[in-house]
Amino acid sequence: MFWSRKPKITKPQALAAKPLQLAKCTVTEAPDGGAQLKVPIQPSRIAGRLFRVPEGTTKTFELEAIGYSVWKQCDGKTSVQQIIRRLSKQYNISLREMEVSTVAFLQTLVRKGLIGMAMPDASPDKE
Amino acid sequence: MIIAWQGWRLEVPDRWGPVRVEGDADAGYLLMADLHRPRLGMRWKVAGGKRFKAEVAVTAAVRQEVGQLAAQDARPLSMDGGNWQAPLLYEDDEPPGRDICVAYSLTSGRIIELVYHAHHRDRVLTQRLLPTLVDTSRSEVWEWSIFDLSCRTPSGMVMAKHRLNAGDLSLSFTHKDGSAVTVRQLAMAKLALQRRPMERWIAEQAAWHGKQFKFGSSPVESEGEPKRVRQQVVRRRRYGWAWWLAKGYTVLARHDQERDRLVIVDATDEALASELMDTVGWASTKQTKGSMESMDTEED
């Protein structure tokens, strides 16, 4: 095979995954509870030569209060499920609503390269 | 948690939430799930006719759900607290599987089917869920409760559309006489109001009606408790010929401090908007805990 298929992940496995901060960033907390994350840009070898990205270039991500609290919980120890339950309790929102919004937010963070997911080697039925 | 939808009402554990909602009052399907798996499916369908027999229709519904062989194991059930006819119960011998209860409601003339996804052998369907099932006829006031948005609509109003986004829920209803009402509820109202003042939320709601409408006056805050902001939206003069459009709308907005929700109601009639606003949150104030909490711990 010339290509490799993405491994299939079940929903319980995805919920048991533990998000972990990948980027080493400087955090500036805002008075409203949010924060600014400054992440250094590391261009690939070709992009670095082509565009001559200067050293010390950073990219800033602005998170509002809830987003920042999710970011803080991405410590590699707390599972997605735990984050959802905590937020649901804290903001008095149903689990389903919180699940949808938290998962979407975590997916955005993964896409931006800010976090990674540590997958547990769990059986599908394990809760 | 109470789920009330299209005339029926059911009490389910707080951890369960709707993940799929389809259909209207005549026929539809609602699936509830927790974080891990589907838990309960509700199916309803209007049944009737000259040669209609509840027993035959109920048996056919069971057969369709579990197949011919398994349907033979279904047994009659006695259901209290309702006007039910020919209820049948099928319980899977070897869970994980599905437990099914089908009954014909004389109140609304619909066949109502509950499909409980049993993970292990328990009596959740018969002992916890079925006793809380209530069906209402179209001539009564209908209760609505989904996620944490709940309201009561006057008789004769039907759901026109629903938008159930996480943290932003809205239900729209219409009546044959042309009146219409929309209820919108935003979670984390404090945050929402920090970003955008109440007036701008109202303006956004008013914009849903399209360019044919404009603000009639500046928003007025009521003096009594709970405080509400009222805004009139009127049809533009150049659309005076558009007879099918409402003459105007009244938008009412309230910050429910206790639940931290921003509730916006807009209706063709101010009395209707006010009446509906009073009923928003009925399911949250009602004491629904106790039995359902114990059910949660029992299962997980």
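What follows is calculated from the coordinates using simple rules that are stated; it is not laboratory data. Being a predicted model, the structure only gives us computed values, none of them experimental. Here the Cβ positions follow ideal geometry from the backbone for every residue, glycine too, while neighbour counts run over all protein chains shown.
Things worth noting here:
- Value of relative contact order over the stretch A:11-118, rounded to a whole percent, pairs C-alpha under 8 Å and six or more apart: 37 percent
- The ranking of B:124, B:158 by Cβ neighbour count inside 10 Å, starting from the fewest, reads B:158, B:124.
- Relative contact order for chain B: 15 percent, from Cα pairs under 8 Å spaced at least 6 residues apart, divided by residue count.
- Positive minus negative residues near residue B:90 (Lys, Arg vs Asp, Glu; Cβ under 9 Å): -3
- Sequence-separation-based contact order of the stretch B:149-280, relative, with Cα cut under 8 Å and 6+ spacing, percent: 25 percent
- Among the GluC sites (Glu not before Pro) in the stretch A:1-88, those located in a DSSP loop and surrounded by at most 13 other Cβ atoms within 10 Å of their own Cβ are A:55.
- Counted by Cβ distance under 13 Å from residue A:60, the other residues give a net charge of +2, where Lys and Arg count +1 and Asp and Glu count -1.
- For the stretch B:37-96 versus the stretch A:23-96, the gap between their alpha-carbon centres in whole angstrom: 50 Å
- Here's how it looks for residue B:269: its modeled amide H is under 5 Å from those of B:180, B:250, which are all 5 or more places away or on a different chain.
- The protein assembly as shown shape via C-alpha gyration tensor axes, a/c threshold 1.5: oblate
- Amide H contacts under 5 Å for residue B:23, placed H, 5+ residues apart: B:29
- Fraction of the pair-distance distribution of the stretch B:2-138 above 23 Å, Cα-Cα pairs, percent: 28 percent
- Secondary-structure-derived ellipticity at 222 nm for chain B, considering helices only, amounts to -5000 deg cm²/dmol, per-run term -39500 (n - 2.57) for DSSP H runs with n ≥ 4.
- For the residue pairs B:214/B:247; A:11/B:161; A:18/B:190, alpha carbon separations beyond 19 Å are given by A:11/B:161; A:18/B:190.
- Neighbourhood net charge (12 Å Cβ-Cβ; Lys/Arg +1, Asp/Glu -1) for residue A:23: +4
- Residues whose amide H comes within less than 5 Å of that of residue A:34, counting only those at least five positions distant or on another chain, are A:65 (H built at 1.01 Å from N in the peptide plane).
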